[in-house]
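**Q** The structure under discussion is supplied below as structure tokens; questions concerning it will follow.
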Amino acid sequence: MLDIERRVLSMSDPYSILAKHYDLLMDDWSQALTRAGEWLDDILRPLAVHSILDCTCGTGLQSIALVKRGYSVTGVDISPAMLRKARENAQRAGVAVCWVRSDIRSLQNDIRECFDAVITCGNSLLHLASESDLCQGIRSMFAATRHGGYFLIDLAEYEENLRSQPPFRCQQVPESNGKQAIFFATKEQAGRIVTLNIFVLRETKRGWRTIKRSMELRPPQKSELLDLLTAEGFEEIRDISRPGSITILAKKPQ
């Protein structure tokens with residue numbers, strides 16, 4: 001018998017139910033760590049970057065990968081659950097990262113210093129559900145970048161992926177207690193807004209428990225990001241996108 005619980009995610013912690021299993025949804029965490037470190041190092045090393053603010057760090061993949069390559073990293077996320085997992089991952093990897101809970105739209109409330117580079121990887125910008133929120137986020141990240149420093153955005157080309165990928169996904173992952181968890185995800189699009197519904201079927205002693213999480217996402221377009229970066233005052237804006245991604249590197253004037 002299924003025990004069904006429905007909750008709607010809030011902006012305060014959209015990944016509360018996913019943090020525990022988030023890394024298991026990747027094919028291989030260790031390989032992902034290596035790939036992320038190599039790719040970011042190739043971009044940042046020639047820029048003489050040392051201090052980095054990973055302002056949407058999630059479970060710490062990019063932060064940990066960069067620390068392993070000698071960078072000084074502060075990892076920020078709005079989700080307490082994701083930060084707890086990031087701390088566990090860093091401890092297991094034997095690296096030191098400064099973790100801070102903060103909202104990407106108001107980093108200056110919690111972060112007082114400026115960094116050689118500010119990065120946002122993954123799909124966190126999709127949670128900024130309006131143009132105003134996205135503009136606030138860009139402005140906040142601009143302020144956290146030192147003069148002459150760099151800003152890197154990397155996210156999936158979500159609209160392309162929506163067209164090419166099936167609207168339904170299912171994945172099974174093991175839990176530490178020997179039980180199983182099954183994840184189902186569905187996507188629905190209405191204009192610019194994508195509703196992501198996530199169902200978690202978790203095996204318990206009393207049977208299977210089902211939890212639903214829903215979140216509204218607004219995939220930013222590349223042209224929109226380029227315009228906002230220009231309007232905020234970034235210069236030397238370079239489109240270095242890979243297939244299936246939107247990747248932009250920009251510099252804050254001296």
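The values are calculated or read from the model by the stated rules, or taken from the named source; none is laboratory data. Because the structure is predicted, anything quoted here is derived from the model rather than measured. A quick note on method: Cβ atoms are made from the backbone with ideal geometry, for glycine too, and the neighbour counts reach across all protein chains shown. The accessibility values were calculated without ligands, DNA or RNA, using every heavy atom of the protein model including side chains. Shrake-Rupley method; radii C 1.70, N 1.55, O 1.52, S 1.80 Å.
**Q** Can you find a residue in the range 232-248 that is in a helix (DSSP H, G or I) and either at negative phi or at pLDDT below 80 (or both)?
**A** The answer is yes; a qualifying residue exists.
**Q** Among the residues of the range 116-153, write down those that are closer than 12 Å to Asp103 by Cα and among the acidic types (Asp, Glu).
**A** Asp133
**Q** Right, another one. Within the range 178-204, how many residues turn out to be more than 16 Å from Ser130 (Cα to Cα) and touching an Asp or Glu at 6+ places or on another chain (Cβ under 6 Å)?
**A** Here the count works out to 3.
**Q** Inside the range 168-179, can you point out the residues that are surrounded by 13 or more Cβ atoms within 10 Å (Cβ to Cβ) and part of a strand (DSSP E or B)?
**A** If the condition is that a residue be surrounded by 13 or more Cβ atoms within 10 Å (Cβ to Cβ) and part of a strand (DSSP E or B), then Arg169, Val173 are the ones that fit.
**Q** I'd like to check something: does the range 133-155 contain any residue that is modelled with pLDDT of 95 or more, charged (D, E, K, R) and closer than 21 Å to Ser245 by Cβ?
**A** Scanning the range 133-155 turns up at least one residue that is modelled with pLDDT of 95 or more, charged (D, E, K, R) and closer than 21 Å to Ser245 by Cβ.
**Q** Is it the case that some residue within the range 38-54 is more than 18 Å from Gly148 (Cα to Cα) and in a loop (DSSP other than H, G, I, E, B)? Full working, then the answer.
**A** Residues of the range 38-54 more than 18 Å from Gly148 (Cα to Cα): 38-42.
Subset that is in a loop (DSSP other than H, G, I, E, B): none.
No, the conditions are met nowhere in the range 38-54.
**Q** Within the range 44-67, how many residues turn out to be under 9 Å from the mean Cα position of the chain (by Cα), open to solvent by 10 Å² or more (accessible area, probe 1.4 Å) and under 19 Å from Lys252 (Cα atoms)?
**A** Going through the range 44-67 one residue at a time, the tally reaches 0.
**Q** For Leu128, state whether it is in contact with a helix residue (DSSP H, G or I) (Cβ under 6 Å, 6 or more places away or on another chain) and open to solvent by less than 20 Å² (accessible area, probe 1.4 Å).
**A** Yes: the conditions hold for Leu128.
**Q** Right, something else. Given the structure, is Asp23 assigned to a helix (DSSP H, G or I), under 27 Å from Val173 (Cα atoms) and either open to solvent by 30 Å² or more (accessible area, probe 1.4 Å) or modelled with pLDDT under 95 (or both)?
**A** Spelling it out, Asp23 is indeed assigned to a helix (DSSP H, G or I), under 27 Å from Val173 (Cα atoms) and either open to solvent by 30 Å² or more (accessible area, probe 1.4 Å) or modelled with pLDDT under 95 (or both).
**Q** Is there any pair with a first residue in the range 83-96 that is open to solvent by 40 Å² or more (accessible area, probe 1.4 Å) and a second that is modelled with pLDDT of 90 or more and in a helix (DSSP H, G or I) whose Cβ atoms are under 9 Å apart and which are 6 or more apart or on different chains, and what are they?
**A** Pairs that qualify, where the first residue is open to solvent by 40 Å² or more (accessible area, probe 1.4 Å) and the partner is modelled with pLDDT of 90 or more and in a helix (DSSP H, G or I), are Ala96/Val67; Ala96/Ala90.
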